[in-house]
Amino acid sequence: MRTIVHLSDLHFGRVETDVLDPLVASVADARPDVVAVSGDLTQRARSSQFKEAREFLDCLPKVPQIVVPGNHDVPLWNAYRRFAEPLKKFRRYISDEHEPFYADDEIAILGVNTARSLTIKYGRINERQVARIRELFCEIGEGVTKLVVTHHPFDLPEGYDEAEIVGRARMAMETLAACGADVLLAGHLHVAHTGHTAKRYRIAGHSALVVQAGTATSSRVRGEANSFNVVRVRRPHVNVVRLSFDRDKKSFAPASSEHFQHTPEGWERLSDESAAGLSYDERSDALQPHVPDAGGKS
(Lines give C-alpha, C1' and ligand atoms only; values in the text may rest on other atoms or scores of the structure.)
Protein backbone atom coordinates (compact mmCIF):
# COMPACT_ATOMS: atom_id res chain seq x y z
CA MET A 1 0.00 0.00 0.00
CA ARG A 2 1.10 3.57 -0.64
CA THR A 3 0.08 6.72 1.22
CA ILE A 4 0.13 10.11 -0.50
CA VAL A 5 -0.36 13.30 1.50
CA HIS A 6 -1.99 15.87 -0.78
CA LEU A 7 -1.50 19.53 0.16
CA SER A 8 -2.51 22.55 -1.87
CA ASP A 9 -2.72 26.34 -1.91
CA LEU A 10 -0.25 27.08 0.89
CA HIS A 11 -0.06 30.80 -0.03
CA PHE A 12 2.95 31.74 2.09
CA GLY A 13 2.72 35.47 2.54
CA ARG A 14 -0.88 35.10 3.66
CA VAL A 15 -0.99 32.08 5.96
CA GLU A 16 -2.71 31.18 9.21
CA THR A 17 0.42 30.77 11.32
CA ASP A 18 -1.31 28.75 14.04
CA VAL A 19 -2.02 26.04 11.47
CA LEU A 20 1.61 25.36 10.52
CA ASP A 21 2.89 23.29 13.45
CA PRO A 22 -0.27 21.15 13.72
CA LEU A 23 -0.11 20.57 9.96
CA VAL A 24 3.50 19.39 10.09
CA ALA A 25 2.62 17.05 12.97
CA SER A 26 -0.45 15.69 11.21
CA VAL A 27 1.43 15.04 7.97
CA ALA A 28 4.07 13.14 9.94
CA ASP A 29 1.35 11.09 11.65
CA ALA A 30 0.05 10.01 8.23
CA ARG A 31 3.43 8.37 7.46
CA PRO A 32 3.34 9.25 3.75
CA ASP A 33 5.33 7.54 1.05
CA VAL A 34 4.97 10.66 -1.13
CA VAL A 35 3.94 14.26 -0.48
CA ALA A 36 2.12 15.99 -3.36
CA VAL A 37 1.66 19.76 -3.39
CA SER A 38 -0.70 21.01 -6.09
CA GLY A 39 0.43 24.60 -6.47
CA ASP A 40 0.15 28.12 -5.09
CA LEU A 41 2.97 27.81 -2.60
CA THR A 42 3.14 31.61 -2.38
CA GLN A 43 0.78 34.56 -2.38
CA ARG A 44 2.72 36.81 -4.76
CA ALA A 45 5.80 34.83 -5.90
CA ARG A 46 8.16 36.90 -3.75
CA SER A 47 11.54 35.51 -2.71
CA SER A 48 10.68 35.78 0.98
CA GLN A 49 7.49 33.80 0.42
CA PHE A 50 9.28 31.07 -1.52
CA LYS A 51 11.85 30.86 1.30
CA GLU A 52 9.06 30.35 3.83
CA ALA A 53 7.50 27.68 1.62
CA ARG A 54 10.87 25.93 1.30
CA GLU A 55 11.34 25.95 5.08
CA PHE A 56 7.89 24.43 5.49
CA LEU A 57 8.55 21.69 2.93
CA ASP A 58 11.82 20.88 4.69
CA CYS A 59 9.88 20.22 7.91
CA LEU A 60 7.81 17.46 6.27
CA PRO A 61 8.78 13.77 6.29
CA LYS A 62 11.84 12.98 4.17
CA VAL A 63 10.00 11.29 1.34
CA PRO A 64 9.71 12.14 -2.39
CA GLN A 65 7.85 15.40 -3.00
CA ILE A 66 5.83 16.04 -6.14
CA VAL A 67 5.44 19.84 -6.15
CA VAL A 68 3.97 21.85 -9.04
CA PRO A 69 3.53 25.63 -9.39
CA GLY A 70 0.22 27.45 -9.29
CA ASN A 71 -0.83 30.72 -10.86
CA HIS A 72 0.21 32.62 -7.70
CA ASP A 73 3.76 31.28 -8.09
CA VAL A 74 4.21 33.29 -11.30
CA PRO A 75 5.22 36.95 -10.71
CA LEU A 76 2.23 39.24 -11.16
CA TRP A 77 3.52 42.82 -11.23
CA ASN A 78 6.98 42.43 -12.81
CA ALA A 79 6.19 42.07 -16.51
CA TYR A 80 9.71 41.00 -17.50
CA ARG A 81 9.89 38.24 -14.93
CA ARG A 82 6.31 37.17 -15.59
CA PHE A 83 7.00 36.46 -19.25
CA ALA A 84 10.77 35.87 -19.43
CA GLU A 85 11.40 34.12 -16.10
CA PRO A 86 8.01 32.96 -14.79
CA LEU A 87 9.35 30.04 -12.72
CA LYS A 88 12.85 31.30 -11.89
CA LYS A 89 12.11 31.66 -8.18
CA PHE A 90 10.20 28.38 -8.04
CA ARG A 91 13.24 26.61 -9.48
CA ARG A 92 15.62 28.46 -7.16
CA TYR A 93 13.80 27.83 -3.89
CA ILE A 94 11.51 24.85 -4.44
CA SER A 95 12.81 22.52 -7.15
CA ASP A 96 14.71 22.51 -10.42
CA GLU A 97 11.99 20.22 -11.73
CA HIS A 98 8.56 21.82 -12.01
CA GLU A 99 7.02 18.67 -13.53
CA PRO A 100 8.45 15.93 -11.28
CA PHE A 101 7.81 12.22 -11.68
CA TYR A 102 7.98 9.37 -9.18
CA ALA A 103 7.26 5.68 -9.71
CA ASP A 104 7.62 2.42 -7.82
CA ASP A 105 5.95 -0.96 -8.11
CA GLU A 106 2.58 0.33 -6.80
CA ILE A 107 2.16 3.95 -7.89
CA ALA A 108 3.33 6.37 -10.57
CA ILE A 109 2.75 10.05 -9.89
CA LEU A 110 3.44 12.87 -12.34
CA GLY A 111 3.30 16.61 -11.74
CA VAL A 112 2.12 18.82 -14.62
CA ASN A 113 2.55 22.60 -14.56
CA THR A 114 -0.70 24.32 -15.59
CA ALA A 115 0.31 27.87 -14.59
CA ARG A 116 0.74 30.29 -17.49
CA SER A 117 2.14 33.81 -17.91
CA LEU A 118 -0.59 34.96 -20.28
CA THR A 119 -3.38 34.55 -17.77
CA ILE A 120 -3.51 35.74 -14.18
CA LYS A 121 -5.92 33.19 -12.77
CA TYR A 122 -6.63 30.36 -15.18
CA GLY A 123 -4.47 27.45 -16.31
CA ARG A 124 -3.76 25.31 -19.33
CA ILE A 125 -2.21 22.03 -20.41
CA ASN A 126 -0.50 21.74 -23.80
CA GLU A 127 0.29 19.06 -26.35
CA ARG A 128 3.92 18.73 -25.25
CA GLN A 129 2.81 17.97 -21.72
CA VAL A 130 0.24 15.48 -22.92
CA ALA A 131 2.93 13.76 -25.01
CA ARG A 132 5.03 13.40 -21.86
CA ILE A 133 2.08 11.89 -20.00
CA ARG A 134 1.72 9.39 -22.85
CA GLU A 135 5.43 8.58 -22.79
CA LEU A 136 5.58 7.99 -19.05
CA PHE A 137 2.20 6.43 -18.33
CA CYS A 138 1.31 4.30 -21.33
CA GLU A 139 4.26 1.95 -20.75
CA ILE A 140 3.29 1.28 -17.13
CA GLY A 141 1.35 -1.89 -16.40
CA GLU A 142 -2.24 -2.00 -15.20
CA GLY A 143 -1.25 -3.09 -11.71
CA VAL A 144 0.27 0.33 -10.96
CA THR A 145 -2.05 3.15 -9.92
CA LYS A 146 -1.30 6.32 -11.91
CA LEU A 147 -1.80 9.77 -10.42
CA VAL A 148 -1.48 13.23 -11.99
CA VAL A 149 -0.90 16.39 -9.94
CA THR A 150 -1.96 19.77 -11.39
CA HIS A 151 -2.90 23.08 -9.84
CA HIS A 152 -5.95 23.71 -12.00
CA PRO A 153 -8.62 21.00 -11.83
CA PHE A 154 -10.07 18.75 -14.51
CA ASP A 155 -13.50 18.87 -12.88
CA LEU A 156 -15.43 21.12 -10.50
CA PRO A 157 -17.93 20.99 -7.67
CA GLU A 158 -21.40 22.08 -8.66
CA GLY A 159 -21.92 25.81 -9.03
CA TYR A 160 -18.40 26.77 -10.13
CA ASP A 161 -17.46 28.65 -13.29
CA GLU A 162 -16.44 26.27 -16.09
CA ALA A 163 -13.52 28.58 -16.86
CA GLU A 164 -11.81 27.26 -13.73
CA ILE A 165 -11.22 23.91 -15.46
CA VAL A 166 -7.72 23.60 -16.88
CA GLY A 167 -7.62 24.67 -20.52
CA ARG A 168 -7.57 21.88 -23.16
CA ALA A 169 -8.75 19.41 -20.55
CA ARG A 170 -10.74 17.38 -23.06
CA MET A 171 -7.71 16.93 -25.30
CA ALA A 172 -5.65 15.81 -22.32
CA MET A 173 -8.34 13.46 -21.05
CA GLU A 174 -8.18 11.40 -24.24
CA THR A 175 -4.55 10.54 -23.47
CA LEU A 176 -5.15 10.16 -19.75
CA ALA A 177 -7.90 7.66 -20.51
CA ALA A 178 -5.86 5.78 -23.11
CA CYS A 179 -2.96 5.44 -20.65
CA GLY A 180 -5.19 4.45 -17.74
CA ALA A 181 -4.73 7.47 -15.46
CA ASP A 182 -6.47 6.71 -12.19
CA VAL A 183 -6.41 9.75 -9.89
CA LEU A 184 -6.24 13.47 -10.71
CA LEU A 185 -5.06 15.60 -7.77
CA ALA A 186 -5.61 19.37 -7.93
CA GLY A 187 -6.33 22.50 -5.90
CA HIS A 188 -6.90 26.15 -6.90
CA LEU A 189 -10.45 26.60 -5.59
CA HIS A 190 -9.67 26.37 -1.85
CA VAL A 191 -12.50 23.85 -1.61
CA ALA A 192 -12.21 20.10 -1.05
CA HIS A 193 -14.00 17.90 -3.57
CA THR A 194 -14.03 14.34 -4.91
CA GLY A 195 -15.67 13.18 -8.11
CA HIS A 196 -15.33 11.16 -11.30
CA THR A 197 -14.33 12.20 -14.81
CA ALA A 198 -16.96 9.97 -16.43
CA LYS A 199 -19.77 12.44 -15.80
CA ARG A 200 -18.06 15.30 -17.65
CA TYR A 201 -15.92 13.56 -20.29
CA ARG A 202 -17.85 10.35 -21.09
CA ILE A 203 -14.96 8.25 -22.39
CA ALA A 204 -16.01 4.62 -22.71
CA GLY A 205 -14.39 2.32 -20.17
CA HIS A 206 -12.68 5.11 -18.24
CA SER A 207 -13.57 6.96 -15.06
CA ALA A 208 -10.71 8.56 -13.15
CA LEU A 209 -11.03 9.97 -9.66
CA VAL A 210 -10.90 13.73 -9.25
CA VAL A 211 -9.51 14.63 -5.84
CA GLN A 212 -9.31 18.32 -5.01
CA ALA A 213 -7.69 19.66 -1.85
CA GLY A 214 -8.76 22.76 0.04
CA THR A 215 -6.19 25.26 1.23
CA ALA A 216 -3.87 23.78 3.82
CA THR A 217 -2.59 27.01 5.36
CA SER A 218 -4.00 30.14 3.69
CA SER A 219 -6.20 32.66 5.48
CA ARG A 220 -8.21 32.86 2.24
CA VAL A 221 -10.62 30.08 3.16
CA ARG A 222 -13.89 29.91 1.26
CA GLY A 223 -16.45 28.55 3.65
CA GLU A 224 -14.27 25.62 4.78
CA ALA A 225 -11.63 25.10 7.44
CA ASN A 226 -8.02 24.65 6.36
CA SER A 227 -7.62 21.07 5.21
CA PHE A 228 -5.55 18.52 3.34
CA ASN A 229 -6.03 15.01 1.96
CA VAL A 230 -4.49 11.66 2.76
CA VAL A 231 -4.85 9.30 -0.20
CA ARG A 232 -4.18 5.62 0.50
CA VAL A 233 -3.76 3.36 -2.49
CA ARG A 234 -3.87 -0.39 -2.52
CA ARG A 235 -5.22 -1.52 -5.85
CA PRO A 236 -8.09 -2.07 -6.51
CA HIS A 237 -8.97 0.32 -3.65
CA VAL A 238 -8.34 3.99 -2.96
CA ASN A 239 -9.25 5.69 0.31
CA VAL A 240 -9.43 9.51 0.42
CA VAL A 241 -9.45 11.06 3.90
CA ARG A 242 -9.90 14.80 4.34
CA LEU A 243 -8.41 16.23 7.53
CA SER A 244 -9.68 19.65 8.64
CA PHE A 245 -8.26 22.07 11.18
CA ASP A 246 -10.15 22.34 14.48
CA ARG A 247 -9.38 25.79 15.87
CA ASP A 248 -10.57 24.92 19.35
CA LYS A 249 -8.32 21.87 19.60
CA LYS A 250 -5.53 23.40 17.48
CA SER A 251 -5.17 20.18 15.50
CA PHE A 252 -6.22 18.46 12.29
CA ALA A 253 -8.80 15.70 12.49
CA PRO A 254 -10.56 13.50 9.91
CA ALA A 255 -13.62 15.24 8.47
CA SER A 256 -14.53 12.66 5.83
CA SER A 257 -13.37 9.30 4.51
CA GLU A 258 -14.36 7.99 1.08
CA HIS A 259 -13.57 4.62 -0.46
CA PHE A 260 -13.34 3.85 -4.17
CA GLN A 261 -12.85 0.61 -6.09
CA HIS A 262 -11.52 0.01 -9.58
CA THR A 263 -13.92 -1.77 -11.94
CA PRO A 264 -13.89 -2.52 -15.68
CA GLU A 265 -15.62 0.86 -16.17
CA GLY A 266 -13.11 2.77 -14.04
CA TRP A 267 -13.14 3.99 -10.45
CA GLU A 268 -16.43 3.88 -8.59
CA ARG A 269 -17.39 5.16 -5.16
CA LEU A 270 -18.25 2.41 -2.69
CA SER A 271 -21.46 2.69 -0.74
CA ASP A 272 -21.23 3.14 3.01
CA GLU A 273 -22.32 -0.47 3.39
CA SER A 274 -19.58 -1.76 1.09
CA ALA A 275 -16.96 0.56 2.58
CA ALA A 276 -17.78 -0.78 6.04
CA GLY A 277 -16.05 -3.99 4.93
CA LEU A 278 -12.71 -2.19 4.60
CA SER A 279 -10.44 -0.95 7.34
CA TYR A 280 -6.98 0.56 7.53
CA ASP A 281 -4.74 -1.60 9.68
CA GLU A 282 -1.87 0.59 10.87
CA ARG A 283 0.03 -2.41 12.20
CA SER A 284 0.49 -3.83 8.71
CA ASP A 285 0.16 -0.58 6.73
CA ALA A 286 -2.56 -2.14 4.63
CA LEU A 287 -6.09 -1.47 3.49
CA GLN A 288 -7.65 -4.81 4.36
CA PRO A 289 -11.09 -6.43 4.42
CA HIS A 290 -12.61 -6.06 7.86
CA VAL A 291 -13.53 -9.42 9.36
CA PRO A 292 -16.19 -9.46 12.10
CA ASP A 293 -15.31 -11.26 15.33
CA ALA A 294 -16.86 -14.53 16.35
CA GLY A 295 -19.77 -12.76 18.02
CA GLY A 296 -20.66 -11.03 14.78
CA LYS A 297 -19.65 -7.55 15.98
CA SER A 298 -17.74 -5.30 13.63
The number of residues in region 233-246 that are over 16 Å from Lys146 (Cβ atoms) and either at pLDDT below 95 or of a type outside the set (Val, Ile, Thr) (or both) is 6
Only one of Thr197, Thr215 that is surrounded by 23 or more Cβ atoms within 10 Å (Cβ to Cβ), over 30 Å from Arg14 (Cβ atoms) and touching an Asp or Glu at 6+ places or on another chain (Cβ under 8 Å):
Thr197
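Can you go through Glu99, Glu85, Glu106 and tell me which one is over 19 Å from the mean Cα position of the chain (by Cα), at negative phi and not polar (S, T, N, Q)?
Glu85
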For region 51-103 the number of residues that are touching a strand residue (DSSP E or B) at 6+ places or on another chain (Cβ under 8 Å) and of a type in the set (Phe, Trp, Tyr) is 3
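Considering region 238-249 alone, what residues qualify as being surrounded by fewer than 21 Cβ atoms within 10 Å (Cβ to Cβ) and either assigned to a strand (DSSP E or B) or among the basic types (Lys, Arg) (or both)?
Start the filter on region 238-249 by keeping residues that are surrounded by fewer than 21 Cβ atoms within 10 Å (Cβ to Cβ), which leaves 241, 244, 246-249.
Answer for region 238-249, where residues must be surrounded by fewer than 21 Cβ atoms within 10 Å (Cβ to Cβ) and either assigned to a strand (DSSP E or B) or among the basic types (Lys, Arg) (or both): Val241, Ser244, Asp246, Arg247, Lys249.
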In this structure, is Ala115 in a helix (DSSP H, G or I) and over 28 Å from Ala28 (Cβ atoms)?
no
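If you check Ala53 against the conditions, is it more than 17 Å from Asn113 (Cα to Cα) and of a type outside the set (Lys, Arg)? Can you show your working first?
Working: more than 17 Å from Asn113 (Cα to Cα): yes; of a type outside the set (Lys, Arg): yes.
Answer is yes for this residue.
Hey, does region 161-180 have a residue that's acidic (Asp, Glu), more than 19 Å from the chain's Cα centre (by Cα), surrounded by fewer than 22 Cβ atoms within 10 Å (Cβ to Cβ) and modelled with pLDDT under 95? Spell out how you get there, then give the answer.
Initial filter on region 161-180 (acidic (Asp, Glu)): 161-162, 164, 174.
Checking the rest, the ones that are also more than 19 Å from the chain's Cα centre (by Cα) come to 161-162, 174.
Filter once more, keeping what is surrounded by fewer than 22 Cβ atoms within 10 Å (Cβ to Cβ): 161-162, 174.
If we keep only those that are modelled with pLDDT under 95 too, we end up with 161-162.
Scanning region 161-180, I find at least one residue that is acidic (Asp, Glu), more than 19 Å from the chain's Cα centre (by Cα), surrounded by fewer than 22 Cβ atoms within 10 Å (Cβ to Cβ) and modelled with pLDDT under 95, so the answer is yes.
Quick one: which helices (runs of 4 or more DSSP H) lie wholly within region 1-88 and hold at least 2 residues that are within 23 Å of Lys249 (Cα to Cα), out of contact with any Phe, Trp or Tyr (no Cβ under 7 Å at 6 or more places or on another chain) and in contact (Cβ under 8 Å) with a residue 40 or more places away in the chain? Please lay out each step first, then the result.
Details: elements: 17-30, 47-58, 79-84.
Ranges flagged: 17-30.
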Screening Phe228, Phe252, Phe260 for residues that are in a strand (DSSP E or B), within 17 Å of the chain's Cα centre (by Cα), among the aromatic types (Phe, Trp, Tyr) and closer than 30 Å to Asp21 by Cα leaves only Phe228
Give all pairs with beta carbons closer than 8 Å in which a residue from region 226-244 that is under 17 Å from Asp29 (Cα atoms) meets a residue that is at pLDDT below 95 and in a strand (DSSP E or B); count only pairs at least 6 apart in sequence or on separate chains.
Arg232/Tyr280; Arg232/Leu287; Asn239/Leu278; Asn239/Tyr280; Asn239/Leu287
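The values are calculated or read from the model by the stated rules, or taken from the named source; none is laboratory data. This one's a predicted model, so the numbers in the text were calculated from it and none came from an experiment. Positions of Cβ are backbone-derived with ideal geometry, glycine not excepted, and every protein chain shown enters the neighbour counts.
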